[in-house]
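Each remark here refers to the structure printed beneath this line.
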Amino acid sequence: MEFEDIYKTYWDRIFRLCMGFVNDYDAAQDLAQETFIIVWQKLETFRNESSIGTWIFRIASNNCLRQIEKQKRFPKSELPVHLSEEKQISLEPQIQFLYKCIAELPETERIIISLELEDIKQAEIAKIVGLSEANVRVKIHRIKEKLTQKFKENGQR
């Protein structure tokens, strides 16, 4: 598969996965771009031991986890009060709330639910996160229950 085809096929899905991790449009864009730079650099070394999608989602997940670790070690300082960040993108309130809830989940749960929302097969998710399929199924069920509860508590549908 040519890089251009991979990019066109997976960009939106990788962006949404990153968005689920960081809940920040610009940071998700950066992480998705970094993921595709890695994919482009490593494409020749891809060994077809899994599907190309599984490989790319694994790269994206690892990239997001590295970024989260960096942020924990080097917290960014707050913007001065007189500066405000302007967001160009307006997501539906329910989608924004979903991303916020996902971003609050533990890292493994964030990966699992983000991949599930991208319609990745549970067997593939199990390979990406290194758990059994049965464990992934149980975790997905529990994560959906947590998210449903948060929506109910917030008065969302």
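The values are calculated or read from the model by the stated rules, or taken from the named source; none is laboratory data. Only a predicted model underlies this, so the values are computations on that prediction, with no experimental measurement involved. Counting neighbours? That spans all protein chains shown, and the Cβs are built from the backbone with ideal geometry, glycine included. Protein only, heavy atoms only, side chains kept; ligands, DNA and RNA dropped before computing areas. Shrake-Rupley method; radii C 1.70, N 1.55, O 1.52, S 1.80 Å.
Take the conditions touching a Phe, Trp or Tyr at 6+ places or on another chain (Cβ under 7 Å), among the β-branched types (V, I, T) and at pLDDT 90 or above and apply them to I56. Does it pass? Answer is yes for this residue. Considering segment 1-45 alone, what residues qualify as being open to solvent by 60 Å² or more (accessible area, probe 1.4 Å), without any contact (Cβ under 8 Å) to a residue 40 or more places away in the chain and within 19 Å of Q71 (Cβ to Cβ)? Across segment 1-45, the qualifying residues are D26, D30, Q33, E34.
Kindly check whether there is at least one residue in segment 95-109 that is more than 18 Å from F15 (Cβ to Cβ) and touching a Cys at 6+ places or on another chain (Cβ under 6 Å). Taking every residue of segment 95-109 in turn, none turns out to be more than 18 Å from F15 (Cβ to Cβ) and touching a Cys at 6+ places or on another chain (Cβ under 6 Å). Out of S132, S114, one residue alone is among the hydroxyl-bearing types (S, T, Y) and over 20 Å from A28 (Cβ atoms). It is S132.
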